[in-house]
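Novice: Have a look at this one before I ask anything.
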Amino acid sequence: MINYLKSEQYRLLRKKSLHITSLVCLLLIVAVAAVLYYSQQADPNFPYATNRFFYSNVIGSGGLIIIVSFLFNFSLTGKDTGVLKNGVSFGISRNTIFWSKLILTLSYFLFISVIGVCLMIGLGEWLMSGDRESVKDFLIAISNMVPIILSAFFMIHSLKMLKVGEVYIFILMLFFYVFLGDLLRILFRPFTSLQDVYKYAPDALLQDNLLNFMNQTVQFGYQYWIIGALLSVIALLMGVTKFAKQTI
């Protein structure tokens, strides 16, 4: 597995599109900070040049982060069927292929995410006005987001390894991480005992996390990790089981 990891790492680091995506994401953070800062300089009464509002751009961008995770996933699970065939023909197990690609893309994604969070905190505390609790609340809100975003990452990886088309993956991501809460709320509205089920949908959890952050009432929530872990386990089990039987 070590040798396969090294070969995949070499392929990953040679992906120019991946580095461009990473750079664009970091530049967008700088651009948002710059816009808020110079807006305040132009108008001292500008109400949004605060670190809490700046941080909320990430807390409220779960959908965008999932799209970025798709682009990271695509770097090693895209149009490389020939490479997969070569690996299997050389005796590399499908489990090794599945987990190696996941480990590498996830590691790179987390690495860039940590850099992005550090960059945001640095810019927010340097350029923006705000309250002392904003950084602590930001880190708590981020910790609540992590399991939900990771579950989406694992689901995308599994679907890509199973050769599901990008359009269908996008539709599934919209269903689970954008519309599921609203659909469950409508579906279970007639049933009193099930009316609160929608609150545990990924999109509802992310929205609640944002509102709590903006209201300065955010707290670490076990429900985020339980739902995230459940979705992650289902996605990975489905992916690794079906990939083991799939024709390459």
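The values are calculated or read from the model by the stated rules, or taken from the named source; none is laboratory data. Nothing here was measured: the structure is a model prediction, and the numbers come from that model. Cβ coordinates were reconstructed from backbone atoms using ideal geometry, including for glycine residues, and neighbour counts include every protein chain displayed. For accessibility, only protein heavy atoms count, side chains too; no ligands or nucleic acids. Shrake-Rupley method; radii C 1.70, N 1.55, O 1.52, S 1.80 Å.
Novice: Given 0.36 nm per residue, what is the gain on full extension from residue 246 to residue 186 after removing their alpha carbon distance, in nm?
Specialist: Gain on extension, residue 246 to residue 186, equals 17.9 nm.
Novice: Using only alpha carbon pairs under 8 Å that are at least six residues apart, calculate the relative contact order of the chain and give it in whole percent.
Specialist: Once normalised by length, the contact order is 27 percent.
Novice: Determine, for each peptide in 66-74, 41-49, the mean count of other beta carbons within 10 angstrom over its residues, then list the peptides with the highest first. Don't skip to the answer; put the middle values down first.
Specialist: Working: 66-74: 21.4, 41-49: 10.8.
In descending order of packing, they fall as 66-74, 41-49.
Novice: Of the candidates 77, 217, 192, which one comes out as most mobile in a Gaussian network treatment of the chain with C-alpha springs shorter than 10 Å?
Specialist: Comparing 77, 217, 192 in the GNM, the peak value goes to 192.
Novice: Report the label-to-label distance for residue 175 and residue 195 in nanometres (one decimal), using points 7 Å from each Cα along the Cα→Cβ vector.
Specialist: Label at residue 175, label at residue 195, 2.8 nm between them.
Novice: Please check: in the Gaussian network model of the chain (C-alpha springs, under 10 Å), which one of 54, 98, 170 has the largest mean-square fluctuation.
Specialist: The residue that fluctuates most here is 170.
Novice: Quick one: P(r) of the stretch 1-146 from all Cα-Cα pairs, 10 Å bins, percents rounded to integers, in order of increasing distance.
Specialist: 10, 34, 25, 17, 9, 3, 0
Novice: While we're here: In Å², and per residue, what accessible area does the chain have when probed at 1.4 Å with the other protein chains present? List each step's numbers first, then the result.
Specialist: On the way: 13580 Å² over 248 residues.
Heavy-atom accessible area per residue stands at 55 Å².
Novice: Quick one, could you list the DSSP H helices from the chain stretching 24 Å or more along their long axis (Cα atoms) with average Kyte-Doolittle hydropathy of 0.5 or above? Walk me through the numbers before you get to the answer.
Specialist: Values: long enough: 16-42 (38 Å, 1.43); 94-127 (49 Å, 1.38); 134-161 (39 Å, 1.33); 222-245 (35 Å, 1.25).
Those that clear 24 Å and a mean of 0.5 are 16-42, 94-127, 134-161, 222-245.
Novice: Placing unit charges on C-beta atoms (Lys and Arg positive, Asp and Glu negative, everything else neutral), compute the dipole magnitude of the stretch 134-241 about its Cα centre in debye, rounded to 20.
Specialist: Dipole size: approximately 160 debye.
Novice: Let me ask something else. Quote the FRET efficiency, to the nearest 0.05, computed for residue 20 versus residue 167 with a Förster distance R0 of 22 Å and r equal to the Cβ-Cβ distance. Don't skip to the end; give the middle numbers.
Specialist: Working: r = 23 Å, r/R0 = 1.04.
The computed FRET efficiency comes out at 0.45.
Novice: Right, here's the next one. Okay, helix-only estimate at 222 nm for the chain: each DSSP H run of n ≥ 4 adds -39500 (n - 2.57), divide by all residues, round to 500 deg cm²/dmol; what do you get? List each step's numbers first, then the result.
Specialist: Numbers: 11 runs with 189 residues, N = 248.
About -25500 deg cm²/dmol.
Novice: Please give the net charge around residue 148, taking every other residue with its beta carbon less than 14 angstrom from that of residue 148, where Lys and Arg add +1 and Asp and Glu add -1. Intermediate values should be presented prior to the final figure.
Specialist: Values: positive: 199; negative: 203, 208.
Residues close to residue 148 contribute a combined charge of -1.
Novice: A further question follows. Label residue 139 and residue 220 with points 7 Å out from Cα along Cα→Cβ: what is the distance between them in nm?
Specialist: 1.1
Novice: Carbon and sulfur atoms: what percent of the 1.4 Å accessible area of the chain do they account for?
Specialist: 67
Novice: Turning to a different aspect of this structure: What shape does the stretch 97-241 have by the C-alpha gyration tensor, where a ≥ b ≥ c are the square roots of the eigenvalues, rounded means a/c under 1.5, and otherwise prolate means a/b greater than b/c and oblate the rest? The partial results should precede the final answer.
Specialist: Values: a/c = 2.31, a/b = 1.15, b/c = 2.01.
The shape class here is oblate.
Novice: So how long is each side of the chain along the principal axes, counting just the alpha-carbon atoms, biggest first, in Å?
Specialist: That gives 65, 50, 28 Å along the principal axes, largest extent first.
Novice: Could you please state, rounded to a whole Å, how far the C-alpha centre of the stretch 102-146 is from the C-alpha centre of the stretch 219-248?
Specialist: That distance is 24 Å.
Novice: Ranked highest first by the average count of other Cβ atoms within 10 Å around their residues, in what order do 143-150, 7-14 fall?
Specialist: Going by the mean number of other Cβ atoms within 10 Å, highest first, we get 143-150, 7-14.
Novice: Testing the spin-label approximation: label points 7 Å from Cα along Cα→Cβ at residue 32 and residue 230. State their distance in nm.
Specialist: It works out to 2.9 nm between the two label points.
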